[in-house]
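For reference, the structure is listed below as structure tokens.
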Amino acid sequence: MAVYQHFSTPIVRRLRRYLADINDGFNEAISGMAVIQKFRQQSRFGEKLGASSRVHFQARMQTLRLLLSLFSAMVLCGLLIQFGFSSVGTVGAGVLYAFISYLGRLNEPLIALTTQHSMLQQAVVAGERIFELMDAVQQSYGDDSRPLAAGSIEMDNVSFSYRDNQRVLDHISVQVPARGFVAMVGHTGSGKSTLASLLMGYYQPDEGEIRLDDRPLTSLSHQALRQNVAMVQQDPMVLADSLYANVTLGRDIPEDEVWHVLEIVQLTALATALPKGIHSTIGEQGNTLSVGQKQLLSLARVLVKPPKILILDEAAANIDSGTEQAVQRALRLIRRHTTLVVIAHRLSTVVEADNILVLHHGETVEQGTHEQLLQRRGRYYQMYQLQLAASEDEPVSAI
Ligand SMILES: Nc1ncnc2c1ncn2[C@@H]1O[C@H](COP(=O)(O)OP(=O)(O)OP(=O)(O)O)[C@@H](O)[C@H]1O
Ligand SMILES: [Mg+2]
């Protein structure tokens, strides 16, 4: 055991590190699944995990080979001591066979019992989980892979529920021309993010239809949908990689363009303060960044290659008013090529929208421009007055 320990310790240490790499990889891939799929990085992550698994396998085989050679050496020594140097003289094949088999019988059951019992238990539990996952319904896409030409959106009487008889969206109709700017406001849980998920094609509406450029969303291929429709989420995913890799996400984008978008989202100061600039590594889950900085980073990701339709779900919720104004300026630039769908609680973000949809329990209760909705003195007017009163110290920038 001492000899085994001496030789195996360095290998086992390496093994642990490899196992941690595999677990980290899985953790990152699973928790960041949405981002990975959105930017179609499945194969890159698959290869990375494959490489970690291979080195882990090789190290594990090394320990097993070591154990096997030591065990063989022990048996050989036992044979030599028992029969080689004793005065018994010649030993019959039967005695030799019996000796070896008894030696084996001493160890085998003990080892086999402990390892196989725990393996069996793990396998049963793991198997149940894997089959549950394999039996789950898969998201389906169409096969029309032509890119979107303009980026207009049309929602026609769209209704949706996650579970039976619990309507989350109720007959929503809206038309957004190409390069238009539509905003969605409403109380928490009113269905704004659900509407964004439908636009991303994550779920199919129960009733009605969504059309992008007059083409049904369901007919678009995976590639056409993901390359043309992008979303910046409320809680962005940050990889434990460099700032540069976090912005490009495997796409071929030159460094100066990355610097350019970092300037637009006002992250240049952060990037230059880091020891290796944009090549400095950001901690796991972006824990060295503030939530606002993470939101700006995920905005930078879509700004380097603007899609035809951009959905911002509370993308400016944790950003200070000054930075928000810079982001607004960036969005005004983007609108030359992109249709904007903005979900916001902070109404100052949406005053410039061509059309504001006020959602209440999944229904559109009001619709119009900021001025029109203020004149109506309805729900939007109330929300606006409440926000004005709440931000007396920090006046709403757009008044
Ligand atoms: N995956 C889900 N499964 C079941 N119900 C869900 C799911 N996601 C959201 N819901 C429910 O659907 C309703 C609408 O949720 P949604 O996330 O669209 O609200 P929201 O308007 O975006 O709210 P917020 O302003 O807080 O982001 C809520 O009542 C919520 O509980
Ligand atoms: Mg939401």
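The values are calculated or read from the model by the stated rules, or taken from the named source; none is laboratory data. Everything numeric in this text was worked out from a predicted model, so none of it was measured. Virtual Cβ from ideal backbone geometry, glycine too; neighbours counted across all protein chains shown.
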Can residue 151 be described as outside any helix (DSSP H, G or I) and buried (at least 19 other Cβ atoms within 10 Å of the Cβ)?
-> yes
What is the residue count in segment 225-268 for residues that are out of contact with any strand residue (DSSP E or B) (no Cβ under 7 Å at 6 or more places or on another chain) and within 16 Å of ligand 1 (Cβ to nearest atom)?
-> 2
So, of the residues in segment 160-178 that are over 22 Å from residue 230 (Cα atoms) and surrounded by 13 or more Cβ atoms within 10 Å (Cβ to Cβ), which turns out to be nearest to ligand 1 (Cβ to nearest atom)?
-> 168
From 326, 273, residue being away from ligand 2 (no atom under 16 Å from the Cβ), in contact (Cβ under 8 Å) with a residue 12 or more places away in the chain, in the same structural domain as residue 225 (by TED's automatic domain parsing) and not polar (S, T, N, Q) = 326
In segment 179-193, the residues that are within 16 Å of ligand 2 (Cβ to nearest atom) and either of a type in the set (Gly, Ala, Ser) or surrounded by fewer than 20 Cβ atoms within 10 Å (Cβ to Cβ) (or both) = 183, 186, 187, 188, 189, 190, 191, 193
The correct count of residues that are surrounded by fewer than 24 Cβ atoms within 10 Å (Cβ to Cβ), at pLDDT below 85 and within 16 Å of ligand 2 (Cβ to nearest atom) in segment 298-319 is 3
Might you check whether a residue that is within 16 Å of ligand 1 (Cβ to nearest atom) and modelled with pLDDT of 90 or more occurs anywhere in segment 132-152?
-> no
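Just checking, does segment 306-314 include any residue being in a loop (DSSP other than H, G, I, E, B), of a type outside the set (Val, Ile, Thr) and on the phi > 0 side of the Ramachandran plot? Spell out the reasoning first.
Step one: of segment 306-314, the residues in a loop (DSSP other than H, G, I, E, B) are 306-308, 314.
Applying the additional criterion that residues be of a type outside the set (Val, Ile, Thr) yields 306-308, 314.
Those still in the list that are on the phi > 0 side of the Ramachandran plot too: 314.
Checked segment 306-314: at least one residue is in a loop (DSSP other than H, G, I, E, B), of a type outside the set (Val, Ile, Thr) and on the phi > 0 side of the Ramachandran plot.
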Taking segment 276-297 only, how many residues are more than 14 Å from residue 266 (Cα to Cα) and within 16 Å of ligand 2 (Cβ to nearest atom)?
-> 1
In segment 198-242, what count of residues is obtained for those that are buried (at least 17 other Cβ atoms within 10 Å of the Cβ), part of a helix (DSSP H, G or I) and of a type outside the set (A, V, I, L, M)?
-> 3
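Out of all the residues in segment 299-318, which are more than 16 Å from ligand 1 (Cβ to nearest atom) and over 18 Å from residue 357 (Cβ atoms)? Spell out the reasoning first.
If we filter segment 299-318 for residues that are more than 16 Å from ligand 1 (Cβ to nearest atom), which is where we start, we get 299-310.
Within segment 299-318, 299, 300, 301, 302, 303, 304, 305, 306, 307, 308 meet the criteria.
Given the criteria more than 15 Å from ligand 1 (Cβ to nearest atom), part of a helix (DSSP H, G or I) and not polar (S, T, N, Q), does residue 294 qualify?
yes
Residue 2 - would you say it is over 21 Å from residue 282 (Cα atoms) and exposed (fewer than 13 other Cβ atoms within 10 Å of the Cβ)? Quick ask: steps written out before the conclusion?
Values: over 21 Å from residue 282 (Cα atoms): yes; exposed (fewer than 13 other Cβ atoms within 10 Å of the Cβ): yes.
Yes: the conditions hold for residue 2.
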Could you tell me whether residue 341 is within 16 Å of ligand 2 (Cβ to nearest atom), buried (at least 19 other Cβ atoms within 10 Å of the Cβ) and under 26 Å from the mean Cα position of the chain (by Cα)?
-> yes
